[in-house]
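Beneath this line is the structure, given in structure tokens, with notes to follow.
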Amino acid sequence: MRVGFVGLGNQGAPIAQRIVNGGFDCAVWARRAEALEPFRDGPARIAASLPNLGEGLDLLGACLFDAAGAREVLFGPNGVARAMPRGAVIAVHSTVSPAEVRQIADEAAALGLRVLDAPVSGGAIKAAQGELVTMVGGDPRTLAECRPVFSTFASQIVHLGDVGAGQQAKLINNAMLTAHIAIAADAFALAAELGLDRAALAEVLRTGSGRSFGAEMVAAASAQSVGGSQARPTLSKDVRLLAELVEQGRASVLLSVAQRLIDEWDAANA
């Protein structure tokens, strides 16, 4: 299987490296020259352009920040999709709205291409270790074709339904992470008021029934430190996308807690 990858950011670069190290014939492309540096010594091929990247591919992995970036790379004036052979697969590893990934699938279908809605979770460290969770929406037979590639960077590959279902699961996952960060921030603040040692409480929460990845993030830094990191724009985007999905006026504890933290981050960075 010939694989291409675009979107060599914090998470995309280690995903692409895992695919290369898995022995697949892989080509990569990036706008920024520095993003290509880890791949210059091979064995991946660095494509000269997006159309060059698309030539002869069986599978393209796209890990862009949002739908606008994905659509530009795929279907823009020099987009990669038009150069891909009919029947090839685009795996959308970006986190976008379900409606947006369905639109991408429709545009791809008009070019004779197939789409898997395949966002990932776990971050750069898990990507480098090959331990991401990949949430997939799309045709199960197409997933079966691509599973060997996905298995190079994901220890868990879950099929959730049609195109769009993977994004729904990812948005819920990221909203829960955001809510867990907010709850953990309150927990550590309460512990400080009670005179509890922060490091000792962190030890309890690492293994106790109240454990969560969000609590580990706050224990290692603070909620505001997370808000100043690369996580903030990603989580803000994903909470907004989930809020747009739910029925208007529907009360949601999950979204309420997550949105509170986003509002606090926005206020602190205003």
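The values are calculated or read from the model by the stated rules, or taken from the named source; none is laboratory data. Being a predicted model, the structure only gives us computed values, none of them experimental. With ideal geometry, Cβ positions are generated from the backbone for all residues, glycine too; neighbour counts draw on all protein chains shown. Just so you know, the surface numbers come from the protein's heavy atoms only, side chains and all, with ligands and any DNA or RNA stripped out. Shrake-Rupley method; radii C 1.70, N 1.55, O 1.52, S 1.80 Å.
Within a Cβ distance under 12 Å of residue 157, other residues only, what is the Lys/Arg minus Asp/Glu net charge?
That works out to 0.
Per residue, what accessible area does the chain have, given a 1.4 Å probe and all protein chains present, in Å²?
Numbers: 12590 Å² over 270 residues.
Value for the chain: 47 Å² per residue.
Mind checking the angle between helix 253-268 and the chain's longest principal axis? C-alpha axes, 0 to 90 degrees, to the nearest 10.
90
Say we join alpha carbon atoms closer than 10 Å with springs in a Gaussian network model of the chain; which of 200, 108, 175 then has the biggest fluctuation?
200
So, with +1 on the Cβ of K and R and -1 on the Cβ of D and E, and no other charges, what is the size of the charge dipole of the chain about its Cα centre, to the nearest 20 debye?
460
Once amide H atoms are placed 1.01 Å from N in the peptide plane, what residues at a sequence separation of 5 or more from residue 27, or on another chain, have their amide H within under 5 Å of its amide H?
Placed amide hydrogens put 3, 4, 5, 45 under 5 Å from residue 27.
How large, in percent, is the carbon and sulfur part of the accessible surface of segment 14-146 at a probe radius of 1.4 Å?
So the carbon and sulfur contribution to the accessible surface is 51 percent.
Report the accessible area of residue 245, computed with a 1.4 Å probe over the heavy atoms of all protein chains in place, in Å² rounded to the nearest 10.
Near enough 80 Å² of accessible area.
Averaging sequence separations of C-alpha pairs under 8 Å and six or more residues apart, then dividing by the length of segment 1-135, give the relative contact order as a whole percent. Write down the numbers at each step before the final one.
Details: 260 pairs, mean separation 31.9, N = 135.
Relative contact order, segment 1-135: 24 percent.
By how many degrees, between 0 and 90 and to the nearest 10, does the Cα long axis of helix 198-207 differ from the longest principal axis of the chain?
In the chain, helix 198-207 runs at an angle near 50 degrees to the longest axis.
Over the chain, what is the relative contact order in whole percent, taking alpha-carbon pairs under 8 Å and six or more residues apart?
14 percent.
Round to the nearest 10 and give me the degree value, 0 to 90, for the angle of helix 12-21's Cα axis relative to the longest principal axis of the chain.
Orientation of helix 12-21: about 50 degrees from the principal axis.
With every protein chain left in place, what is the accessible area of residue 239 in Å² (1.4 Å probe, nearest 10)?
Surface accessible to solvent at residue 239 totals approximately 0 Å².
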